[in-house]
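Peer 1: Got a structure here, written out as structure tokens. Questions coming.
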Amino acid sequence: MAFADAPTGRVRHYLGAWSAVSLLQFFVAEAATIAAWRGPTPYSRRLNFISDLGQVHCGTHGTREICSPLHALMNVSFGLQGLGMVIAALLITSAVLRVAADAPAVRAEARLSHALLARAEESAVSGRPRLTPPLSSRGGLAAAIRSGHPAVAVPWAATLAVRILLGLAGAGVATVGLVPQDSNETIHLVGAGAYFLCGSVALVVLGILWIRRTAAAWPVLLCGGSSLVATLVGGALALHVPEPGTFERFMAYPITAGIALAGGVIAYRFGVPARQERASRARA
């Protein structure tokens, strides 16, 4: 089915893309929760961790005095972040994600898939060794991938890794919301670690895939790279730094911004064929 003539596909990808964009709600929830802070000292983005805002009970945690009346809002925001990432990972297909939803590139991918599939089947009929095990005529891109052709196999594997990492990062940040730091700190930290590490690596791989596909590749790559470096350094130092809140935000903010940017690019580009079609009808 053609890229521009697939209304069901458009709905699916729009939902996935806007689910990624929805991560921006985190910044609104964070600002509102900070404004409601009731600790003995004002909340500091430089010294306090983000998770302090989701702590359920007022009291001391480590060396920090915490009291966050809107902790429920912050934890719901974490959960919605995770849900948005998981939905995006499930609904945005590898074929669309790997070429940044560029309609001509998606069509080219489909043509390449069919060509490789036909070549494999011709090889089987002529008695020469197959490129792959028996291929289904409905295999499409998956059949081309199984052929081992590097033009599709390597980038597709990388895109699949992006989707898996995005889903794991989403599950991690959802865990942060479901298990606040004063509930079970070990599980909470595991969830946060999954978010930081998987989210940053996903953006790095996606940015590399998008080079020569869209100018957005560079900010996506920058977001992922900066977060990954901060995550590795922060993990090595256990965030024992002069401004732990600042450092944690160098780990977290770029992931949220990068995924939202990627979703925005896909949503915009997926709408291009529909906008062109409407413009053509208007001129007719």
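Peer 1: Taking only pairs six or more apart or across chains, which ones have beta-carbon atoms under 6 Å, a first residue in the range 258-274 that is under 15 Å from Arg12 (Cβ atoms) and modelled with pLDDT of 90 or more, and a second residue that is outside any helix (DSSP H, G or I) and hydrophobic (A, V, I, L, M, F, W, C)?
Peer 2: Short answer, once both residue conditions are applied: Ile266/Ala101.
Peer 1: Answer yes if at least one residue in the range 63-83 is in contact with a strand residue (DSSP E or B) (Cβ under 6 Å, 6 or more places away or on another chain) and closer than 20 Å to Gly177 by Cβ, and no otherwise. Steps first, answer last, please.
Peer 2: Initially, the range 63-83 is screened for residues in contact with a strand residue (DSSP E or B) (Cβ under 6 Å, 6 or more places away or on another chain), giving none.
No, there is no match, as no residue in the range 63-83 is in contact with a strand residue (DSSP E or B) (Cβ under 6 Å, 6 or more places away or on another chain) and closer than 20 Å to Gly177 by Cβ.
Peer 1: Of these, Pro155, Pro180, Pro134, which one is assigned to a loop (DSSP other than H, G, I, E, B), on the phi < 0 side of the Ramachandran plot and either modelled with pLDDT under 95 or β-branched (Val, Ile, Thr) (or both)? Give the steps one after another, and end with the answer.
Peer 2: Numbers: Pro155 fails: assigned to a loop (DSSP other than H, G, I, E, B); Pro180 fails: either modelled with pLDDT under 95 or β-branched (Val, Ile, Thr) (or both).
Testing whether each residue is assigned to a loop (DSSP other than H, G, I, E, B), on the phi < 0 side of the Ramachandran plot and either modelled with pLDDT under 95 or β-branched (Val, Ile, Thr) (or both) leaves just Pro134.
Peer 1: If you don't mind, there's one more thing I want to ask. For the range 183-197, which positions are without any contact (Cβ under 8 Å) to a residue 60 or more places away in the chain and not in a helix (DSSP H, G or I)?
Peer 2: Taking the range 183-197 first, the residues without any contact (Cβ under 8 Å) to a residue 60 or more places away in the chain are 184-187, 189-191, 193-194, 196-197.
The answer is Asn184, and nothing else.
Peer 1: For the range 213-247, what are the residues that are assigned to a helix (DSSP H, G or I), in contact (Cβ under 8 Å) with a residue 60 or more places away in the chain and within 18 Å of Gly264 (Cβ to Cβ)? Before the answer, list the steps.
Peer 2: Residues of the range 213-247 assigned to a helix (DSSP H, G or I): 217-237, 244-247.
Narrowing further to those that are in contact (Cβ under 8 Å) with a residue 60 or more places away in the chain: 217, 244-246.
Answer for the range 213-247, where residues must be assigned to a helix (DSSP H, G or I), in contact (Cβ under 8 Å) with a residue 60 or more places away in the chain and within 18 Å of Gly264 (Cβ to Cβ): just Ala217.
Peer 1: What number of residues within the range 158-177 satisfy the criterion of being buried (at least 16 other Cβ atoms within 10 Å of the Cβ) and either assigned to a loop (DSSP other than H, G, I, E, B) or of a type outside the set (Gly, Ala, Ser) (or both)?
Peer 2: So the count comes out to 9.
Peer 1: All but one of (1) closer than 19 Å to Ala171 by Cα; (2) in contact with a helix residue (DSSP H, G or I) (Cβ under 6 Å, 6 or more places away or on another chain); (3) not basic (Lys, Arg) hold for Ala72, so report the exception by its number.
Peer 2: Failing condition for Ala72: (2).
The values are calculated or read from the model by the stated rules, or taken from the named source; none is laboratory data. None of the values given here were measured: they were computed from a predicted structure. Here Cβ is always computed from backbone atoms with ideal geometry, including for glycine, and neighbour counts include all displayed protein chains.
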